[in-house]
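The values are calculated or read from the model by the stated rules, or taken from the named source; none is laboratory data. Just so it is clear, the model here is predicted, and its values are computed rather than measured. Cβ: placed from backbone, ideal geometry, glycine included. Neighbour counts: every protein chain shown. Keep in mind that these areas ignore ligands, DNA and RNA; they rest on the heavy atoms of the full protein, side chains included. Shrake-Rupley method; radii C 1.70, N 1.55, O 1.52, S 1.80 Å.
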Amino acid sequence: MSTVQVLSDDALQPQAKAVFDDIRATRQSEHVNNFWRALAAADASLLQSTWAEVKQVMGGAGALDPLTRELIYIAVSVANGCSYCVHSHTAAARARGMTGEQYAQLLAIVGLAAKTNHLATALQVPVDAAFDAQAR
């Protein structure tokens, strides 16, 4: 259950309406998802800055292709326990061509990383000098 109202287009303040217009234009879709609608209700300035950052990091040019970015977003969302982001970025990855085989491998990697991260943390394994940029 949301902690804020999920705003309809009719309830938007001008600053939020401008962001929604940009979301629609950028994504070439009339759909604005509930994350943005809730954020518009919480704080229009935060909505604006968050959208600008998402647009730059996830949509801008970069060394990582768009599907790889979505796969990373899914992995981090799983690690952080964000069900909303797992769902929305899995849908985005599928729209960018993620196959069932890729999704299965991603989940295997996420599960393995979680296991080995917990083991390394529990054992307090010292970092090898070869992995430590400062030690080199």
Region 36-94, residues that are of a type in the set (D, E, K, R), over 15 Å from ALA16 (Cα atoms) and open to solvent by 30 Å² or more (accessible area, probe 1.4 Å)
GLU53, LYS55, ASP65, ARG94
Can you say whether THR90 is under 23 Å from LYS115 (Cβ atoms) and of a type in the set (S, T, N, Q), as far as the supplied structure shows?
yes
Considering only region 42-136, give the helices (runs of 4 or more DSSP H) lying wholly within it that have at least 2 residues that are within 30 Å of LEU12 (Cα to Cα) and within 12 Å of the chain's Cα centre (by Cα).
44-54, 66-80, 83-95
Pairs where the first residue, in region 100-120, is within 14 Å of VAL78 (Cβ to Cβ) and the second is modelled with pLDDT of 95 or more and small (Gly, Ala, Ser), C-beta under 6 Å, 6+ apart
VAL110/ALA75
Scanning for something open to solvent by less than 70 Å² (accessible area, probe 1.4 Å) and either at pLDDT 95 or above or under 27 Å from ALA38 (Cα atoms) (or both), does region 116-130 turn up at least one residue?
yes
PHE20 in contact (Cβ under 8 Å) with a residue 40 or more places away in the chain, out of contact with any Lys or Arg (no Cβ under 8 Å at 6 or more places or on another chain), part of a helix (DSSP H, G or I) and more than 19 Å from GLY97 (Cα to Cα)
no
If I filter region 13-33 for residues that are surrounded by 13 or more Cβ atoms within 10 Å (Cβ to Cβ), of a type outside the set (A, V, I, L, M), within 15 Å of the chain's Cα centre (by Cα) and at pLDDT 95 or above, do I get at least one hit?
yes
Cβ contacts < 7 Å: first residue free of Cβ contacts under 8 Å to residues at least 60 places away in the same chain, restricted to region 30-51; second residue open to solvent by less than 30 Å² (accessible area, probe 1.4 Å) and assigned to a loop (DSSP other than H, G, I, E, B), any location; separation 6+ or different chain. Result?
ARG37/LEU7; ALA40/LEU7; ALA40/LEU12; ALA41/LEU7
